[in-house]
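The values are calculated or read from the model by the stated rules, or taken from the named source; none is laboratory data. All values reported here derive from a predicted model rather than from experimental measurement. With ideal geometry, Cβ positions are generated from the backbone for all residues, glycine too; neighbour counts draw on all protein chains shown. When the accessible area is computed, the model is the full protein with side chains, heavy atoms only, and any ligands, DNA or RNA have been set aside. Shrake-Rupley method; radii C 1.70, N 1.55, O 1.52, S 1.80 Å.
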Amino acid sequence: MKASRSVFVCQDCGVQSPKWLGRCECGAWNSFVEERAADTPTAGGGANRYAPLGAGSARLYADVGVADAARLSTGIDEFDRVLGGGFVPGSLVLLGGEPGIGKSTLLLQAAAHFARDRGPVLYASGEESEHQIKSRGDRLGVGDAPLYLLAETCIERILEEMARLKPALVIIDSVQTVFSMKFQSAPGSVGQVREAATQFLFAAKGQNIPTVLVGHVTKDGSLAGPKVLEHVVDTVLSFEGERHHAHRIVRAVKNRFGAVSELGVFEMTGTGLVAVLNPSQLFLAERSSETPGSAVLCCVEGSRPILVEVQALVSTSTYGNARRMAIGVDQNRVALLLAVMEKRAGLSLAGDDVYVNVAGGMSIEEPAVDLSVVAAIASSVRNRSLPASTAVFGEVGLSGEIRGIPQAALRVREAAQMGFSRVVMPVANVDGLEMAGCELVGVRTVGDALDQLMG
Ligand code: TYD
Ligand code: MG
């Protein structure tokens, strides 16, 4: 009998080695786990090949018809928005997020809507029993929708049920708990996760059923399991939010069928997740405009403008070296802005601790956040609050110039709608822009901006 091949796989990066190593080339220690592959590898094997319509021979570009990507609405508008309009038939979606953030809740709600509108939904859970899911479902008002629960972790069994039920949607909660009988390694190991993703990909594409995989995230916030998981699936959604805040954000990180960085905002209530129709209102709800160190930023996430509060606290450092901390914005970006403020606007910050925070747990990556960080820090240093009805946005360059940023009109409109009467923004963006009831102040430099904001 042929001995089955055994390889050691790094659980962090997925690299394979014929022998055990203490340290992987990716830097991880003690991350190799032995995996024994079956004699007949599955991935790419004949039986598992899926054939999208018309596959086989190459076709001329011009002859290929446009498949109008039908969208299957999830019945939850905010969720549809993130998906780019709803599920695409045969697509594989990965929903990642920290434990307890609400992944199962969101999917159960979507499953109930989907089942009611489009037919049976298969919800396979390796984490909870049918009774647990049902007691949660009762709270969410699932009712008599044709929703099939399957407490099963064996991939082959789930695929059998999928073939039997021919559901309109399949949900696997979670990809780290399922295992294939073809591998001996534990569920959640790189080999098993990769196998699960591949098998469900074949099933989704082959039977044209949209499939959602729930994924766990590691401590540092990236999806657990190998990167290959993200490459295999069509869409990667990330579920974010502070566990101690009620609101949750679903964000598209990768989407083959829509724009990325689209946001869906929800609030966790006693009866499940409820869409937040006006996120700006939510993020500004607890703002106290008289306190120094608070600025309102108009940011754009995907196609959606949102107003958020950026806070800064500057205090004299008691120890020799000043602390700089940033939550919700890039720490390096803050360090750079502090240097610009010292050099170009004449503020002295060398001996001060500086803390920057985006209220409400949002995290902002776009450079438009720069001016709001500068304004909040300056306001805290001078201990003078910024005008309550003024919002800001703009990128700050190293020479202290304020650079134009995209989608200015969208931002200004949101600010005006939320009752802001003045927007301090890059001068390059003011041209040709007008907004009734809202004064647009174009600024060229950091100095200009601080003059306009603090007089
Ligand atoms: P859950 O969906 O189980 O999280 P995940 O699948 O991402 O691990 O969410 C569980 C949390 O949500 C739990 O702490 C309780 C809370 N919750 C509510 O506040 N209201 C509800 O109606 C439900 C179902 C859950
Ligand atoms: Mg769960």
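Taking a probe of 1.4 Å, how large is the accessible area per residue of the chain, in Å²?
Working: 21210 Å² over 455 residues.
Value for the chain: 47 Å² per residue.
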Legend entry - Projected label distance in nm at Gln132 and Ile327, using a 7 Å step from Cα toward the beta-carbon: 2.9 nm
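Among the GluC sites (Glu not before Pro) within the stretch 238-344, which fall in a DSSP loop and have no more than 16 other Cβ atoms within 10 Å of their own Cβ?
Details: sites: Glu240, Glu242, Glu262, Glu267, Glu286, Glu290, Glu301, Glu309, Glu342; in loops: Glu242, Glu262, Glu286, Glu290.
Here the GluC sites (Glu not before Pro) that fit, given the DSSP loop and packing criteria, are Glu242, Glu286, Glu290.
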Inset, instruction - Along Cα→Cβ, 7 Å out, is where each label goes; now give me the distance between the ones at Arg5 and Ala388 in nm to one decimal. - result: 7.1 nm
Inset, instruction - No other cysteine beta carbon under 4.7 Å away is the test; run it over the chain and list who passes. - result: Cys154, Cys298, Cys299, Cys438
Inset, instruction - Could you check how much of the accessible area of the chain is carbon and sulfur, as a whole percent, using a 1.4 Å probe? - result: 51 percent
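Which whole number of Å³ per residue matches the convex hull of the alpha-carbon atoms in the stretch 172-293? Before the final figure, lay out each step's value.
Working: hull volume 19.9 nm³, N = 122.
Convex hull of Cα atoms, per residue: 163 Å³.
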Legend entry - Lysine pair number, Cα distance threshold 20 Å (strictly under), the chain, separation 8 or more or different chains: 9
Inset, instruction - Against the globular-protein guess of 2.2 N^0.38 Å, express the Cα radius of gyration of the chain as a ratio, rounded to two decimals. - result: 1.14
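In percent, how large is the relative contact order of the stretch 317-455, given Cα pairs closer than 8 Å and 6 or more residues apart?
Values: 218 pairs, mean separation 30.1, N = 139.
Relative contact order for the stretch 317-455 comes out at 22 percent.
Nearest-5 percent of antiparallel DSSP beta bridges in the chain?
On the way: 43 of 81 bridges.
In the chain, approximately 55 percent of DSSP beta bridges are antiparallel ones.
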Inset, instruction - For Val396, enumerate residues with amide H under 5 Å from its amide H, sequence gap 5+ or separate chain, H modeled in the peptide plane. - result: Asp370, Leu371, Arg403
Legend entry - Calculated FRET efficiency for the pair Arg139/Met454, C-beta based, R₀ 45 Å, to 0.05: 0.35
Inset, instruction - Could you size up the charge dipole of the chain around its Cα centre, putting +1 on the beta carbon of Lys and Arg and -1 on that of Asp and Glu, and report it in debye to the nearest 20? - result: 820 debye
Inset, instruction - Calculate one ³J(HN,Hα) per residue across the stretch 178-183 by plugging θ = phi - 60° into the Karplus curve 6.51 cos²θ - 1.76 cosθ + 1.60, and present them in order as whole Hz with x for glycine and proline. - result: 8, 9, 9, 5, 6, 10
Inset, instruction - Using all C-alpha to C-alpha distances in the stretch 360-455, build P(r) with 10 Å bins and read off the rounded percent in each one. - result: 16, 51, 31, 2
Legend entry - Part-to-part distance (alpha-carbon centres) for the stretch 321-370 and the stretch 114-163, which is given in Å: 47 Å
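Dipole magnitude of the stretch 266-352 about its Cα centre, charges +1 at Lys/Arg Cβ and -1 at Asp/Glu Cβ only, in debye to the nearest 20? Don't skip to the end; give the middle numbers.
On the way: 7 positive and 8 negative charges, 64 e Å.
Approximately 300 debye in magnitude.
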Legend entry - Hz values of 3J(HN,Hα) by residue in the stretch 385-399 - Karplus curve (6.51, -1.76, 1.60), Gly and Pro given as x: 6, 7, x, 4, 9, 10, 10, 9, 6, x, 8, 10, x, 5, 8
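Given the convex hull over the Cα atoms of the stretch 71-277, what projected area results after averaging over all orientations, in nm²? Show your work: numbers first, answer last.
Values: hull surface 41.5 nm².
Over all viewing directions, the stretch 71-277 projects a mean Cα-hull area of 10.4 nm².
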Inset, instruction - Once every Cα of the stretch 291-413 carries one equal point scatterer and solvent is ignored, give the base-10 log of I(q)/I(0) from the Debye formula at q = 0.13, 0.14, 0.21, 0.22 Å⁻¹, two decimals. - result: -0.47, -0.54, -1.22, -1.34
